[in-house]
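To keep things clear, I will list the structure first and then write my remarks on it.
None of the figures in this text is laboratory data; all of them are computed from the coordinates on show. The model shown is predicted, which means the values in this text are computed figures rather than measured ones. Because the Cβ atoms are built from the backbone with ideal geometry, glycine has one as well, and the counts that use them run over all protein chains shown.
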Amino acid sequence: MKGIVFTEFLDLVEDKFGLEMVDEIINKSNLESGGAYTSVGTYEFSEMLQLLQHLSKNTNIPVDDLLLIYAEHFFGVLKESYPDLLAMYNNPIDMLASIENHIHVEVKKIYPDAELPTFNIVEKTDSSLVMIYKSSRAMHHFGLGLMNKTFEHFNSKATIELEKIQEDGTEVKFIINQN
Ligand code: HEM
């Protein structure tokens, strides 16, 4: 997992819960990196999972809710860092339908070692989209947060339902209806 995902996460934890919480979750985790991340580095996903699990335990907030909140913050980072990529779209449905064959393809060119999910389109209309998310990382709620912010970015709203295909969250159907 790319370092920027860690550095932005720990910044947000510090912002919301304080530096003590950052120290606490790093110290409780068994991290090969020692908890020192650079935005351009690459680290094991298991480190992110441990940090999330300890934060969840300490705050009583479920991991999925933490991922959702984090993704909403991360969208702002993406918007700042890759404005040209976002500017290629003029509506949220087209943008979300292009993660797989355009957006994440570009990401892979910038970061060849990025670990990305797949989003396969099942059905698409002008105002709706059904996609299957697949990833061993089960970060579907990170996807949900990014989708929420994608609609907000276009001053639009949607109802987004998740249906787990695999109980462990490694395969999830997203049913998206623009309001
Ligand atoms: C992960 C880039 C838009 C879904 C990532 C990562 C990067 C990235 C750098 C981390 C990869 C790693 O750590 O190895 C971008 C950029 C975007 C964009 C530049 C737009 C300009 C989106 C959108 C979604 C999305 C709109 C909406 C569903 C995800 C998910 C992951 C991810 C779910 C977590 C990894 C996983 O589940 O396996 N993306 N992304 N991305 N992205 Fe995107």
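Values as computed for the structure displayed
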item	result
For the range 38-52, 3J(HN,Hα) per residue [Karplus equation, 6.51 cos²θ - 1.76 cosθ + 1.60, θ = phi - 60°, Hz, x = Gly/Pro]	10, 5, 8, x, 10, 9, 5, 4, 4, 5, 5, 4, 5, 4, 5
Among 119, 4, 31 - extreme Cα towards positive end, dipole of the chain, charges at beta-carbon	119
Over the chain: helical MRE at 222 nm, DSSP H runs n ≥ 4 each giving -39500 (n - 2.57), nearest 500	-15500 deg cm²/dmol
More than 24 Å apart - percent of Cα-Cα pairs taken over the range 83-178	17 percent
Cα gyration tensor of the chain - equivalent ellipsoid semi-axes, whole Å, descending	28, 18, 16
Top positive-direction residue, dipole computed over the chain with Cβ charges, set 156, 55, 74	156
Given 16/108; 28/109; 2/134; 79/134; 16/124, the pairs whose alpha carbons are separated by over 28 Å	16/108; 28/109; 16/124
Unit charges on C-beta of K, R, D, E only; dipole of the range 83-178, Debye	80 debye
³J(HN,Hα) computed for each position of the range 2-11 - Karplus, 6.51 cos²θ - 1.76 cosθ + 1.60, integer Hz, glycine/proline x	5, x, 4, 5, 6, 5, 5, 5, 5, 4
Where N is the number of residues in the range 3-61, Cα Rg divided by 2.2 N^0.38 Å	1.01
Computed magnitude of the charge dipole of the chain (debye, nearest 20; Cβ of K, R +1, Cβ of D, E -1)	320 debye
Cut-off 13 Å between beta-carbons: net charge of the residues surrounding residue 17, Lys and Arg +1, Asp and Glu -1	-4
